[in-house]
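Below is one structure, written out as structure tokens, with a few remarks after it.
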Protein chains: 4
Amino acid sequence: MERKPLIGVIGSGECDEETERLAYEVGRKIAEAGYGLVCGGLGGVMEAACRGASEAGGLTVGILPSDSPNTANPFVGVAVATGMGIARNAIIIRSALAVIAIRGGPGTLSEVAFCLQLGVPIVSLKSFTLDPKIIQVQTSEEALKEVINRI
Amino acid sequence: MERKPLIGVIGSGECDEETERLAYEVGRKIAEAGYGLVCGGLGGVMEAACRGASEAGGLTVGILPSDSPNTANPFVGVAVATGMGIARNAIIIRSALAVIAIRGGPGTLSEVAFCLQLGVPIVSLKSFTLDPKIIQVQTSEEALKEVINRI
Amino acid sequence: MERKPLIGVIGSGECDEETERLAYEVGRKIAEAGYGLVCGGLGGVMEAACRGASEAGGLTVGILPSDSPNTANPFVGVAVATGMGIARNAIIIRSALAVIAIRGGPGTLSEVAFCLQLGVPIVSLKSFTLDPKIIQVQTSEEALKEVINRI
Amino acid sequence: MERKPLIGVIGSGECDEETERLAYEVGRKIAEAGYGLVCGGLGGVMEAACRGASEAGGLTVGILPSDSPNTANPFVGVAVATGMGIARNAIIIRSALAVIAIRGGPGTLSEVAFCLQLGVPIVSLKSFTLDPKIIQVQTSEEALKEVINRI
């Protein structure tokens, strides 16, 4: 097995349909571009992105807050059970070459902050805008293009 | 030894003189109000706040990113070496009853985000304003008043 | 991508040739039995096991102590950078359905201890014998047989 | 507040009366010798040691597995809530200059292993004997003497 470079996808564990569709597209495009997807392994944006990547035959990695692989969403191929709650957000960011944020709340914000702190390229798809280093995009196509440019 | 309730102080590892003065005042007032201070244990805002608390005879706890207690600033009384880098930010927030942010950059932002995610009261002293749950203040007096009101 | 159940392989980062051969066989057999392999992602036993699994077309997951995926051995397919040093040992054990220890030193011992504490089945291939719950075996064939029996 | 050098005390969360008495004595002697005590913050050996140190006017630090300071035993003066379960064992060891193990089970074993791996001096008071680097003692007096000799 060759090393899969991983792109991170971050966003809320619950989301509306439009956000879900965006996340699905992003996941699908990550797989089609030959990258693996790493995320927090739970529902909402994470599940939709994993479903997209999975349906395109891609690798999906879930870095879970809980202490059991069984808590991963059904489209996570590799479930890593950290048992360390939200501190696992730092592990997602460290393991990704670049990250796409899709909307999101405080959990996503902590991950955006870790990207800024660690110098990991971060693309915001209708997500946070609070720093000029965050690349703003409006579509999944743009998100992939910008993220791949920075890897 | 009776349990010391802890107030968190977050902010950058490097800061200008005005910020340092603010952090010193906040630390001093935390100790005078009978609370312990918990922070990241390094320089800048963290060191100034610890110095303030320490000079007022207070307890200061540093949750360090490194794997050695020796990396704490000289005003940390209890040095906890996590060896887990920036993921230690979650431990600072979990250990505090409430938190005061003093200016700050991306590291501080991740801590503010953890406060919002975990429901820990967070007061911003010239720091982030991005959520209505963050209580905005302009002086160290107000910061203490607001933080103690929420404990 | 369907969820891969993971078997853990633990052992030293440096080892002699016989141990390396054992680790290679164990890795190979894990992949041939349809399981993924999770380990600490570094050299010695970890690298030999990943090489075995990788050559048999299997999935290999490395839970790294460092903060960069680049520190993984060349046979790690999915590199998770925890940035938390030896505390990452707990994540390896939590992510595995069962674990095979191959010789090993203090790092391996901490992982064996976590298996005992968390109730994860642990097979010792010429490794620690200190608890009756540790299943003692002498060959890679026996190790796989015993580990799969307990999953 | 001057930095308190910390001595670690490790052992089970439940224990018999004799072990409790030993742990109490060890805690008391740590405080009388001018050191702070760091432990896992829960019951059994940890609570007895904290009680001893606390009654002698000493500093007690509890590095908790849970996400709330409220889970500490009543004799913990400084409660650090890691939210990372048993992986917090590594933090206890990193924060201590030297460690005393008092009997104990698998959790204690993981901490002994971390001592061996990190080179932290470890004294076994009727606890594990599996490595020549572990200093074997039979009384709390000897434990303190040996531990202080190695700091």
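Only residues that are assigned to a helix (DSSP H, G or I), buried (at least 24 other Cβ atoms within 10 Å of the Cβ) and either in contact with an Asp or Glu (Cβ under 8 Å, 6 or more places away or on another chain) or not aliphatic (A, V, I, L, M) (or both) were counted across segment C:32-53, and they come to 5. Inside segment A:49-65, can you point out the residues that are touching a Ser or Thr at 6+ places or on another chain (Cβ under 8 Å) and more than 15 Å from residue A:78 (Cβ to Cβ)? Of everything in segment A:49-65, just one residue is touching a Ser or Thr at 6+ places or on another chain (Cβ under 8 Å) and more than 15 Å from residue A:78 (Cβ to Cβ), namely A:65. Residues in segment C:79-96 that are in contact with a strand residue (DSSP E or B) (Cβ under 8 Å, 6 or more places away or on another chain), at the interface with another protein chain (Cβ under 7 Å from one of its Cβ atoms) and outside any helix (DSSP H, G or I): C:79, C:80, C:81, C:82. When residues in segment D:71-100 are screened for being closer than 14 Å to residue B:93 by Cα and more than 16 Å from the chain's Cα centre (by Cα), 4 of them pass.
Just to check your reading of the model, which residue among A:61, A:99, A:76 is assigned to a strand (DSSP E or B), hydrophobic (A, V, I, L, M, F, W, C) and within 11 Å of chain C (Cβ to nearest Cβ)? So the residue among A:61, A:99, A:76 that is assigned to a strand (DSSP E or B), hydrophobic (A, V, I, L, M, F, W, C) and within 11 Å of chain C (Cβ to nearest Cβ) is A:61. In the set (1) without any contact (Cβ under 8 Å) to a residue 40 or more places away in the chain; (2) surrounded by 24 or more Cβ atoms within 10 Å (Cβ to Cβ), the condition left unmet by residue D:102 is number (1). Whether any residue in segment D:11-26 is under 30 Å from residue B:51 (Cβ atoms), touching a residue at least 40 places away in the same chain (Cβ under 8 Å) and under 12 Å from the mean Cα position of the chain (by Cα) is what I want to check. Taking every residue of segment D:11-26 in turn, none turns out to be under 30 Å from residue B:51 (Cβ atoms), touching a residue at least 40 places away in the same chain (Cβ under 8 Å) and under 12 Å from the mean Cα position of the chain (by Cα). Restricting the first member to segment C:112-127 and to residues that are on the phi < 0 side of the Ramachandran plot, and the second to residues that are in a helix (DSSP H, G or I) and of a type outside the set (A, V, I, L, M), the beta-carbon pairs closer than 6 Å and six or more apart or on different chains are C:113/D:106; C:113/D:110; C:114/D:110; C:116/D:106; C:117/D:106; C:117/D:107; C:122/C:115; C:123/C:146. Counting residues in segment D:7-29 that are closer than 14 Å to residue B:80 by Cα, more than 9 Å from chain B (Cβ to nearest Cβ), buried (at least 24 other Cβ atoms within 10 Å of the Cβ) and touching a strand residue (DSSP E or B) at 6+ places or on another chain (Cβ under 9 Å) gives one or more.
Residue C:118 - would you say it is aliphatic (A, V, I, L, M) and either more than 19 Å from residue A:83 (Cβ to Cβ) or within 13 Å of the chain's Cα centre (by Cα) (or both)? So residue C:118 fails the test.
Would you confirm whether any residue within segment B:108-120 is in a strand (DSSP E or B), of a type outside the set (Phe, Trp, Tyr), at pLDDT 95 or above and over 22 Å from residue D:37 (Cβ atoms)? No: segment B:108-120 contains no residue that is in a strand (DSSP E or B), of a type outside the set (Phe, Trp, Tyr), at pLDDT 95 or above and over 22 Å from residue D:37 (Cβ atoms). Taken over segment B:122-133, the criterion of being buried (at least 19 other Cβ atoms within 10 Å of the Cβ) and either over 12 Å from the mean Cα position of the chain (by Cα) or assigned to a loop (DSSP other than H, G, I, E, B) (or both) is satisfied by B:127, B:128.
Here residue D:56 clears all of (1) crowded, with 21+ Cβ neighbours inside 10 Å; (2) of a type outside the set (D, E, K, R); (3) within 14 Å of chain B (Cβ to nearest Cβ) except the condition numbered (1).
Checking each residue in segment B:140-151 for being without any contact (Cβ under 8 Å) to a residue 60 or more places away in the chain and outside any helix (DSSP H, G or I) picks out only B:150. Looking across segment B:64-73, the residues that are in a helix (DSSP H, G or I) and more than 8 Å from chain D (Cβ to nearest Cβ) come down to B:70, B:71.
The values are calculated or read from the model by the stated rules, or taken from the named source; none is laboratory data. Source: prediction; values computed, not measured. Cβ: placed from backbone, ideal geometry, glycine included. Neighbour counts: every protein chain shown.
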